[in-house]
Structures are given as C-alpha cells and as structure tokens.
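These notes concern the structure reproduced below.
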Amino acid sequence: MEPIIATRDLKKVYRVGKVDVPALRGVDLLVQEGEFVAVVGPSGCGKSTLLHVLGGLTRPTSGHVLVDGNDFITMTDSDRTKFRRHKIGFVFQRFNLLPTLSARHNIALAQHIQGNGFNPHRFDAVVEMLGIKEKLHHRPFALSGGEQQRVAIARAVICEPKILLADEPTGNLDTENSQIVLNMMRRLNRSFRQTILMITHNPEAAAVADRIIRMRDGRVISD
Ligand code: ADP
C-alpha cells in the first residue's frame, strides 16, 4: 500500500536576516494510513517545522515530500492551500476556537469553509465520539480546557481529513483533561481509522500512539 506520508531527505532552512537556520536536516519518514504517530524530541529539534511542512503551511527547502500522493515541492502555493483545506486537520496547543461562536458553530464553520455543506451524519458521529453533545450551545469561555480541545478536535476532523496533525494538543491541559483528550484521539484513530501525527512532550501522550518518532537537531534519531 502507498504510504500516506513519505518524505526523503527532507530539508528546511529558515533564512533569518543573513543567517540560515537549518530546522530539518534530512528527514526520512513513512507513515501508513491509519497510523497514530507521536513525534517527540527536545525543543528546537524541528518537530513543529516538520508538522508545518507536512500540513502544507511551510514550503520545504529541498528533498521529497509526498502527502497522499501530492508532491509539495512542485505544487504551487494556491494548490497547497487547496490541498490543506481538503486533506489536513490541525489541532493546536491553544485551541484557537472563535470566541464569539458556540461550539456547534465553531465546528460547523469548518464544514462551511471547506464548501461541502453541512453533513449531519458526520457531525453527529464526531460530537458523539468526542463526548461534547451536551456542550454544543456553549461558547468557548464557558467550557473547560479539555472541552475546548475536544471541540477543536471535532472541528479539525469534521471534514474527514486524510491526516490529523496535532501540535502539543495536551500542552495547556491538566493531567485529567490530558488523559481524556488522549483517549478521544485514540478512539478517533481506532474507530474512524484516522491517521494522526502528534507532537508531544507528554510521556502519556506518546504512550497512546502506535509508534514514537524521536527527533534531534533536525533529524529522526529513532523510530
Ligand atoms: P520544535 O517544534 O522541535 O521546538 P521548531 O521546528 O519550532 O522545533 O524549530 C526548529 C528550529 O528552527 C529552531 O532552531 C527554531 O529556532 C527555528 N525556527 C522555527 N521556526 C522558525 C521561523 N519561522 N523562522 C526562523 N527560524 C525558525
């Protein structure tokens, strides 16, 4: 089977003034559809950069990267944006929900933006799985951190992305809420066969994944 993510000698160099900052120094990575992968490593080792490149948010400097068969090196910026909107879901440490909208509208807006219209079956299945059915009329400020993150995850997966990319999803949560959110991600992975790539510092987070990739200085040091 074709891997859903395939990188070879992937490099990313940021140019800061006149200085080159190498963030990825040749990453080789294969991820199969349905895998739940945790990416760990010290701060500054390139985890977020890798996630941003795979999500089409950042253009790589060189190397090969195929995401669901699409080559990001040769793609135009506008094709990458289109690809991202249809194929990738993002979850961030700081939830990033729209404060003036209810949980329901935060989630439904994602379907609206993607342009496929409201899909009630998917909506119900996702909110049921994430245990937020009773919270849908609340605005973010009236929800706990764990609930906000569950709404953010619902928003990220509502359009059935090929890949869910999560950058420290439990970074702002206490132990109990972290565990709940991790269990939900695990269920998403198992029940919907959702492919997940998750950056984390949390050892418990790494433990729910099928596979742990360790990075250091812009490279994968163990897998
Ligand atoms: P991690 O997520 O593991 O903490 P990052 O991918 O954020 O690592 O950073 C890798 C390296 O790239 C670091 O040296 C960081 O300072 C640098 N870096 C990240 N983003 C940028 C940017 N937008 N501009 C310049 N340098 C950056």
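Nothing in this text is a laboratory measurement; each read-out follows from the coordinates by a stated rule. Source: prediction; values computed, not measured. Note: ideal-geometry Cβ built from the backbone for every residue, glycine included; neighbour counts use all protein chains shown.
Sequence-ordered 3J(HN,Hα) estimates for the range 73-83 from the Karplus curve with 6.51, -1.76 and 1.60 and θ = phi - 60° stand at 5, 8, 6, 6, 4, 6, 5, 5, 4, 5, 4 Hz, glycine and proline given as x. Among the lysines of the chain, pairs at least eight places apart or on separate chains and with Cα atoms under 15 Å apart come to 4. Between 185, 129, 75, which gets the highest mean-square fluctuation from a Gaussian network model of the chain, Cα cutoff 10 Å? Largest GNM mean-square fluctuation: 75.
Here the range 154-223 carries DSSP beta bridges of which approximately 40% are antiparallel, counting only pairs with both residues inside. The GNM of the chain, with springs linking C-alpha atoms under 10 angstrom apart, assigns the highest mean-square fluctuation among 199, 73, 107 to 73.
Computed about the Cα centre, the dipole magnitude for the chain is approximately 460 debye when only Lys and Arg (+1) and Asp and Glu (-1) carry charge, each at its Cβ.
For residue 138, the shell of other residues with beta-carbons less than 15 Å away shows a net charge of +4, using +1 for Lys and Arg and -1 for Asp and Glu.
Dividing the alpha-carbon radius of gyration of the chain by the rule-of-thumb value 2.2 N^0.38 Å gives 1.00. Taken as Cα centroids, the range 113-166 and the range 74-102 sit 14 Å apart, rounded to the nearest whole angstrom. Summarising the overall dimensions of the range 31-113 from its C-alpha atoms, the Rg and Dmax are 14.9, 42 angstrom.
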